[in-house]
Amino acid sequence: MSRDQKFFNMHPSVIVAIVLIALVILAFSMKMPGLTQGAYTSDATERIRPVGQVYRSGEEQEAAAPTVETVPEPEPVATVMSGTQVYNTACIACHGAGVGGAPITGDTAVWSERITQGAATLKEHAVQGYIGSVGYMPPKGGRLDISDAEIEAAVDYMISESE
Ligand code: HEC
């Protein structure tokens with residue numbers, strides 16, 4: 001008689017107890033909430049869901065569509081710069097230091113001769129551009145986005161500073 005058989009013969013109550021314990025555990029595990037096969041699989045599917053998802057065209061989900069908020073465009077405000085502002089924005093780069101021979105604002109000696117041409121001619125030269133004896137004055141100082149009237153105001157400012 002093998003040792004195992006001896007054991008079974010001698011301890012039938014132990015065998016019964018083991019079987020009972022096994023049955024209890026089995027019954028318990030089947031009753032455990034959240035451990036049913038279906039729930040477990042769907043939980044796992046949710047946990048391992050990729051962060052980004054691909055939809056074939058036509059099967060996009062409503063929720064996946066980005067929400068586009070339309071912000072009304074603000075009404076454009078027409079701002080007119082003063083002569084001083086235009087000068088400080090577009091002219092001072094050359095006329096502040098005399099770059100490329102530009103007559104320096106405030107240099108009355110240089111400006112007196114130019115002013116004798118008349119303000120209208122100076123304004124025309126500033127708006128249209130001008131190639132004189134000392135250099136090249138680009139149209140509107142290169143700032144074609146600035147209106148004629150604003151450039152003319154800047155010329156008035158330069159004249160008033162240089163008389
Ligand atoms: C890139 C440099 C540059 C910028 C920027 C510039 N100028 Fe000039 N400007 C010149 C030069 C150089 C002359 C001299 C041209 C000459 O007489 O040979 C000149 C000349 C002038 C004259 C005298 C024209 C004449 O008939 O004697 C006026 C007026 C003038 N600029 C206005 C302006 C105004 C207004 C602005 C800004 C909107 C401006 N400039 C920006 C270079 C510049």
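For the peptides 121-133, 15-27, the ranking by mean Cβ contacts within 10 Å, running from highest to lowest, is 121-133, 15-27. Converting phi to 3J(HN,Hα) with the Karplus coefficients 6.51, -1.76 and 1.60 and the offset θ = phi - 60°, the range 97-113 yields 10, x, 5, x, x, 4, x, 6, 4, x, 7, 4, 4, 6, 6, 4, 5 Hz in sequence order, with x at every glycine or proline.
Taking a ≥ b ≥ c as the square roots of the eigenvalues of the Cα gyration tensor, the range 83-162 is rounded, since a/c falls below 1.5. Close amide H partners of Tyr130, meaning residues 5 or more places away or on another chain with modelled amide H under 5 Å apart, are Met137. Neighbour counts of C-beta atoms inside 10 Å place Thr116, Thr70 in the sequence Thr70, Thr116, starting with the fewest.
We did not get these values from a lab; they are worked out from the coordinates using the rules stated. Keep in mind it's a predicted model, so treat the numbers as computed, not measured. All Cβ positions, even for glycine, are placed from backbone atoms using ideal geometry, and neighbour counts span all protein chains on display.
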